[in-house]
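Have a look at the structure below, then the notes.
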Amino acid sequence: MKNKLALIVICVALFTLSGCFAGKEMEEEAPRLTPGQLYSKASDAFKSQRYREAASLYADITYQHPYYKWAAQSRIMEVYSYYQIQDYDSAVYAINNYISMYPVSRDVQYAYYMKALCLYNQIFIPDRDQDFTIKAKVALNIVISKFPRSIYAKDSKVKLDLIEDHLAAHEMVVGR
């Protein structure tokens, strides 16, 4: 009796396991591209204005090859690709990653400026919520205070004046 029960349990287990593997073919893994090949492919996609594909490929470079000599530039290009298709949330996420990974790079001022631009471009009309306006104001002030002599500080000051006007218009709408 014990032998029959053990045999039945083994047969059920084998039948169940065989079902797990039935119909599954061995999937071949796609060959991994070198960082140079990935960068070239991403650049081609960017030049062809396939910005979402380019952003994904640039991101792959930084995830798969974080110490590649063009990894920092890949992250910046990822940001700009997202910016081109107005996917500002993804751009800000990539910018924050860039700033945390490369806080002393030569392009960090550009990263802060791009973050401010992404927030600035999401400002709504004065009768709507002004959350993005406040965030853009903070981001522009960071650019001005951290990099006062950069070319980005000058444009940030102009945009900051526009934000002040925008916030004043919002106050007028609320007051009415």
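The values are calculated or read from the model by the stated rules, or taken from the named source; none is laboratory data. As the structure is a computational prediction, the values presented were derived from the model and not from experiment. Ideal geometry is used to build each Cβ from the backbone, glycine not excepted, and the neighbour counts take in all protein chains shown.
Observations
- Residues of the stretch 140-156 that turn out to be surrounded by 16 or more Cβ atoms within 10 Å (Cβ to Cβ), modelled with pLDDT of 90 or more, of a type outside the set (Phe, Trp, Tyr) and part of a helix (DSSP H, G or I), as a count: 4
- Annotation: of all residues in the stretch 17-57 being among the charged types (D, E, K, R) and modelled with pLDDT of 65 or more, the one that is surrounded by the fewest Cβ atoms within 10 Å (Cβ to Cβ) is Lys47.
- Test: Ile85 is modelled with pLDDT of 90 or more, surrounded by fewer than 19 Cβ atoms within 10 Å (Cβ to Cβ) and touching a Phe, Trp or Tyr at 6+ places or on another chain (Cβ under 7 Å): yes
- Residue in the stretch 157-176 that is buried (at least 16 other Cβ atoms within 10 Å of the Cβ) and at pLDDT 90 or above present: no
- Residue within the stretch 123-139 that is of a type in the set (Lys, Arg), outside any helix (DSSP H, G or I) and out of contact with any strand residue (DSSP E or B) (no Cβ under 9 Å at 6 or more places or on another chain) present: yes
- Residues of the stretch 97-122 classified as in a helix (DSSP H, G or I) and under 20 Å from Ser150 (Cα atoms), total: 15
- Among the residues making up the stretch 88-112, a single one is acidic (Asp, Glu) and surrounded by 15 or more Cβ atoms within 10 Å (Cβ to Cβ): Asp107.
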